[in-house]
Amino acid sequence: MKTIVFVGAGSMAQAIIHGWMKEATVDPENVYVMNKSDQEKLTSLNETYGVQLVDDEKEILKTADLIILAMKPKDVQSGMQSIATYISSTAIVLSVLAGVPMDTIEKGLGIRPIARCMPNTSATIGMSASALAWNELMEDEDKQEIIQLLKTIGSVIEVAEEELHVVTALSGSGPAYVYYFVEAFEQAAVASGLNPKIARDLIVQTLAGSAEMLKQSDKSPTTLRMQVTSPGGTTEAGIQALQQSGFVEILAGCLKEAETRSRELGKLYV
Ligand SMILES: NC(=O)C1=CN([C@@H]2O[C@H](COP(=O)(O)OP(=O)(O)OC[C@H]3O[C@@H](n4cnc5c(N)ncnc54)[C@H](OP(=O)(O)O)[C@@H]3O)[C@@H](O)[C@H]2O)C=CC1
Ligand SMILES: O=C(O)[C@@H]1CCC=N1
């Protein structure tokens, strides 16, 4: 897949491009970026990463091997309309859009090999948790190439397309929940008198250390939690406060609302 065109070059496209360029996975000469109107963003991507601006849309789209759809779901129909007549019959499409099914893409761009990926913004530092689904037209060789492209921005796991709704809720949106958790804890620690920088550093290192423990240890999250929780100690008091506030139900509600929204987005823009 020599020529790659991003149709929609905003935050997610930038996170992927940043990850690729950091790892020198793809030659920036072969990566083109398009937006509907935001030329400033395209210029900034060109200046930062050396990716290409598109002078002649028709010509570039004709030669594209891989089209990456990375606009918001509300713009998917206008985005597909603007490229449908130009892209070659052999071009492969990779969509990172939340909720929008392959069926909608097949209707807009024709029956062709299509992959849907749900990455997250940690792609910027090569730490995305990406999940991937295909339609049945995707050849094994192309699957491997796409997996390799995505592996340079983090981990890749194959799922059924239907599972992408909950994946989107869990790991696509996940970084935002974690940042929100940090904001809340930092605010609380500062209210208890801790210096903001010290509070932030302690929370971030605690998160990083716990994530590494979960990765490196063969113990379950429950066992690791119990190892921290001394009977009658501080952790027990804290966990009890979370339980009394319905922590588990709150997170279940968060996941369900996000998953439901993913399903809604899929139906809104058919
Ligand atoms: N942000 C995230 O954490 C994640 C996002 N996603 C998915 O990635 C997609 C993009 O999200 P994000 O990067 O945050 O959004 P942004 O708004 O940052 O970027 C979307 C880009 O698409 C462009 N665009 C809009 N309409 C068209 C069009 N018709 N043709 C070409 N380009 C167009 C916009 O340009 P202009 O301003 O000119 O309209 C904009 O630059 C979404 O579908 C989202 O569901 C997936 C995983 C994580
Ligand atoms: O909020 C959104 O809709 C997108 C999809 C996953 C993360 N951001």
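The values are calculated or read from the model by the stated rules, or taken from the named source; none is laboratory data. From a predicted model like this one, the values you see are computed outputs, not experimental measurements. Methodologically, a virtual Cβ is constructed for each residue, glycine included, from the backbone with ideal geometry; neighbour enumeration extends over all protein chains shown.
Things to note:
- Search result, residues across the range 108-128 that are out of contact with any Asp or Glu (no Cβ under 7 Å at 6 or more places or on another chain) and of a type in the set (D, E, K, R): 112
- Any hit, the range 193-211, residues being within 24 Å of residue 130 (Cα to Cα), within 16 Å of ligand 2 (Cβ to nearest atom) and under 22 Å from the mean Cα position of the chain (by Cα): no
- Within the range 1-48, the set of residues being of a type in the set (D, E, K, R) and not in a loop (DSSP other than H, G, I, E, B) comprises 22, 23, 29, 40, 41, 47.
- The set of residues from the range 110-130 being within 14 Å of ligand 1 (Cβ to nearest atom) and surrounded by fewer than 22 Cβ atoms within 10 Å (Cβ to Cβ) comprises 121, 122, 124, 125, 127, 129.
- Annotation note: of 27, 65, 56, 75, the sole residue that is under 23 Å from residue 102 (Cα atoms) and more than 10 Å from ligand 1 (Cβ to nearest atom) is 65.
- Among residues of the range 7-21, those that are within 24 Å of residue 77 (Cβ to Cβ) and more than 16 Å from ligand 2 (Cβ to nearest atom), counted: 1
- Within the range 59-94, considering residues that are within 20 Å of residue 28 (Cα to Cα) and free of Cβ contacts under 8 Å to residues at least 40 places away in the same chain, the one surrounded by the fewest Cβ atoms within 10 Å (Cβ to Cβ): 59
- Selection count where residues are more than 30 Å from residue 202 (Cα to Cα) and within 15 Å of the chain's Cα centre (by Cα), scope the range 162-187: 4
- Matching entry among 197, 256 (being assigned to a helix (DSSP H, G or I) and loosely packed, with under 11 Cβ neighbours inside 10 Å): 197
- Residue in the range 210-217 that is outside the structural domain of residue 79 (by TED's automatic domain parsing), modelled with pLDDT of 95 or more and closer than 30 Å to residue 140 by Cβ present: yes
- Some residue of the range 22-31 being more than 16 Å from ligand 2 (Cβ to nearest atom), touching a Pro at 6+ places or on another chain (Cβ under 8 Å), within 22 Å of residue 130 (Cβ to Cβ) and touching a residue at least 12 places away in the same chain (Cβ under 8 Å): no
- Only one entry in 237, 241, 184, 176 is surrounded by 12 or more Cβ atoms within 10 Å (Cβ to Cβ), out of contact with any Leu (no Cβ under 9 Å at 6 or more places or on another chain) and of a type in the set (A, V, I, L, M, F, W, C), namely 176.
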